[in-house]
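Visitor: Let me give you the structure first, and then I'll get to my questions.
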Amino acid sequence: MPPVLEPPPARAALVRLIVRFRRQERRMVAALAAAQASLAEAQTAAVWAMDESPMVRATLQCRCDALQRSGDDLAVDLSHLRLALAGAREELARHAAAPAATLATAG
């Protein structure tokens, strides 16, 4: 029976990193969806307030602007996270393609 080889430390670390990135991605997707829903509600309120005082309209517009910026920031962060996840997956694939002896000496 051949010996059971443990994955090299670098490979195990990449797997843990990918798992962590996936968890973060799910949380960020949920946060972005919530931010977009809040923005939609604020925009609806702003449309209904068109006949209100300028102060009410300005307040609602500021809220919409802040929610838009927050959503944009979240979307950029999510894009960066997905790029990091893709990079970690590529690195893991390179480790999987390399012969075990090469990985053992590279560690």
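Yes/no per residue for (1) modelled with pLDDT of 85 or more; (2) of a type in the set (Ser, Thr, Tyr); (3) more than 25 Å from the chain's Cα centre (by Cα):
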site	(1), (2), (3)
Ala12	yes, no, no
Met28	yes, no, no
Leu32	yes, no, no
Ala49	no, no, yes
Leu60	yes, no, yes
Ala84	yes, no, no
Glu91	yes, no, no
Gly107	no, no, yes
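Visitor: Can you tell me which residue among Gln68, Gln61, Gln43, Gln24 is open to solvent by 90 Å² or more (accessible area, probe 1.4 Å) and polar (S, T, N, Q)?
Guide: Only one candidate passes the filter, namely Gln61.
Visitor: Then there is this: Do you know which residues across the range 27-40 are surrounded by 15 or more Cβ atoms within 10 Å (Cβ to Cβ) and either closer than 22 Å to Ala93 by Cα or in contact (Cβ under 8 Å) with a residue 40 or more places away in the chain (or both)?
Guide: Met28, Ala31, Leu32
The values are calculated or read from the model by the stated rules, or taken from the named source; none is laboratory data. Just so we're clear, the structure is a prediction, and the values are computed from it rather than from any experiment. Neighbour counts run over all protein chains shown; Cβ positions are idealised from the backbone, glycine included. Just so you know, the surface numbers come from the protein's heavy atoms only, side chains and all, with ligands and any DNA or RNA stripped out. Shrake-Rupley method; radii C 1.70, N 1.55, O 1.52, S 1.80 Å.
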